Amino acid sequence: MAIDRRPLTARSVIASTLLGTEPPSMPARSLVRVGEIFGISEGTVRVALSRMAVAGELESGEGHYRLGPELASRQRRLSVGRNPPLVEWDGDWETAVVTGPARSPELRTAFRTTMGRLGLAELREGVWLRPANLAPDREGWNRPEVTRSVHRFTSRPGSGTDATSLASELWDLDTWAGDARTLTAELVELTEALMGEANVLRSGFETSAAVLRHLVTDPVLPVQLQPPGWPAGRLREAYEVFDSAYRRSLAVWLAR
C-alpha cells in the first residue's frame, strides 16, 4: 500500500477544500482563490463548480457553495478517521458473515467498500472481522448492501489463536506504519515552514489530503494489539498541529 497522492484537479481541489472546512460552505470567490494556489484559472474553477452543482456534489445559494449529501457523508468519514469513536476493548471481536443471496458485481463492490469503511477486514471470503473497540452503531451498518447480506456476531479467538497475530494477518500493519511515519515527518516539516510564514500552501494542501485518506484506512487497533511504536496517535497529533497552522495561513491568503 503506497501513500495515496492522487493528482489534484479543479474538482478535487474544490471538494478537498470544502471537506476540510467547518461548516463546509464557502463563497465562490474564495474557492477561486484556492484554485490559484494550484495555477487553476478562475474560469476552470467556475466551470467545475457548475458541473459539481448539476451532479449534486455541491449545493449552491446566495453566492456560496456547500457539500451535497454524498460529499457530506465523506466529510463525516474523514472526521471519524481523525477521531475514531472508540469504546473500551474487552477482547471481543466484531464478526460479520455473508449469508445473503448472490449479488451483482456492483453490489459486491459497494458491500466491500462499506465493510472497509466500517473498519472490518476479510479473513476469508465472506467472513469479516475486527476488534470490537469501535462504537457498534457507527455509520454504515444500516446501509442496505450490508443489512441484506450479513449476520453480525460477537466472537472471541480461541486458545489456539493469538489475537495480535490475527490482526497482522488481517491488515498490512508494517506498510501502514511506514507510510504514517513518512507523513508525520512531512507534517512536522510543513508546520515549521508555515509558522515561519513560508508559502507552502500547495504542498501542505496535498499532504493534508494524503494524511486524511491514510487515517481513514487506519485499522484502529486496541492498544493491546498494536505493534511496538505504533504511529497512528503521533500522526493524528501532528496533523492537528499542522491543520491549525495551515488554516491560519490559508485565511491570510484568502483575505489578501
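Only one residue in Pro219, Pro227, Pro231 is surrounded by fewer than 18 Cβ atoms within 10 Å (Cβ to Cβ) and under 20 Å from Leu86 (Cα atoms), so which one is that? Steps first, please.
Working: Pro219 fails: surrounded by fewer than 18 Cβ atoms within 10 Å (Cβ to Cβ); Pro231 fails: surrounded by fewer than 18 Cβ atoms within 10 Å (Cβ to Cβ).
After ruling out the rest, the residue left standing is Pro227.
Take the conditions outside the structural domain of Tyr239 (by TED's automatic domain parsing), surrounded by fewer than 16 Cβ atoms within 10 Å (Cβ to Cβ) and over 30 Å from Trp141 (Cβ atoms) and apply them to Ser30. Does it pass?
It is false that Ser30 is outside the structural domain of Tyr239 (by TED's automatic domain parsing), surrounded by fewer than 16 Cβ atoms within 10 Å (Cβ to Cβ) and over 30 Å from Trp141 (Cβ atoms).
I want to confirm something. Restricting to region 130-144 and keeping residues that are touching a residue at least 40 places away in the same chain (Cβ under 8 Å) and either touching a helix residue (DSSP H, G or I) at 6+ places or on another chain (Cβ under 6 Å) or buried (at least 17 other Cβ atoms within 10 Å of the Cβ) (or both), which single residue is nearest to Gln75 (Cα to Cα)? Even if it seems obvious, please write down each step before you answer.
Step one: of region 130-144, the residues touching a residue at least 40 places away in the same chain (Cβ under 8 Å) are 130-136, 138-139.
If we keep only those that are either touching a helix residue (DSSP H, G or I) at 6+ places or on another chain (Cβ under 6 Å) or buried (at least 17 other Cβ atoms within 10 Å of the Cβ) (or both) as well, we get 130-134.
Numbers: Arg130: 23, Pro131: 24, Ala132: 24, Asn133: 22, Leu134: 18 Å.
Top of the filtered list is Leu134.
Based on this model, can you work out whether Thr154 counts as β-branched (Val, Ile, Thr) and surrounded by 13 or more Cβ atoms within 10 Å (Cβ to Cβ)?
Working: β-branched (Val, Ile, Thr): yes; surrounded by 13 or more Cβ atoms within 10 Å (Cβ to Cβ): no.
Taking the combined requirement at face value, the residue does not satisfy it.
State whether one or more residues within region 233-245 are assigned to a helix (DSSP H, G or I), at pLDDT below 95 and among the basic types (Lys, Arg).
no
Among the residues of region 102-129, which ones are surrounded by 15 or more Cβ atoms within 10 Å (Cβ to Cβ) and under 18 Å from Glu70 (Cβ atoms)?
Leu107, Ala110, Phe111, Thr114, Gly116, Arg117, Leu118 - these are the residues of region 102-129 that are surrounded by 15 or more Cβ atoms within 10 Å (Cβ to Cβ) and under 18 Å from Glu70 (Cβ atoms).
Report, by residue number, each residue of region 156-202 that is modelled with pLDDT under 95, of a type in the set (S, T, N, Q) and either touching a Ser or Thr at 6+ places or on another chain (Cβ under 9 Å) or more than 30 Å from Glu94 (Cα to Cα) (or both).
Asn199 - this is the single residue of region 156-202 that is modelled with pLDDT under 95, of a type in the set (S, T, N, Q) and either touching a Ser or Thr at 6+ places or on another chain (Cβ under 9 Å) or more than 30 Å from Glu94 (Cα to Cα) (or both).
The values are calculated or read from the model by the stated rules, or taken from the named source; none is laboratory data. Treat the numbers as computed from the prediction; the structure is a model and nothing was measured. In this analysis, Cβ positions are derived from the backbone assuming ideal geometry, glycine residues included, and neighbour counts consider all displayed protein chains.
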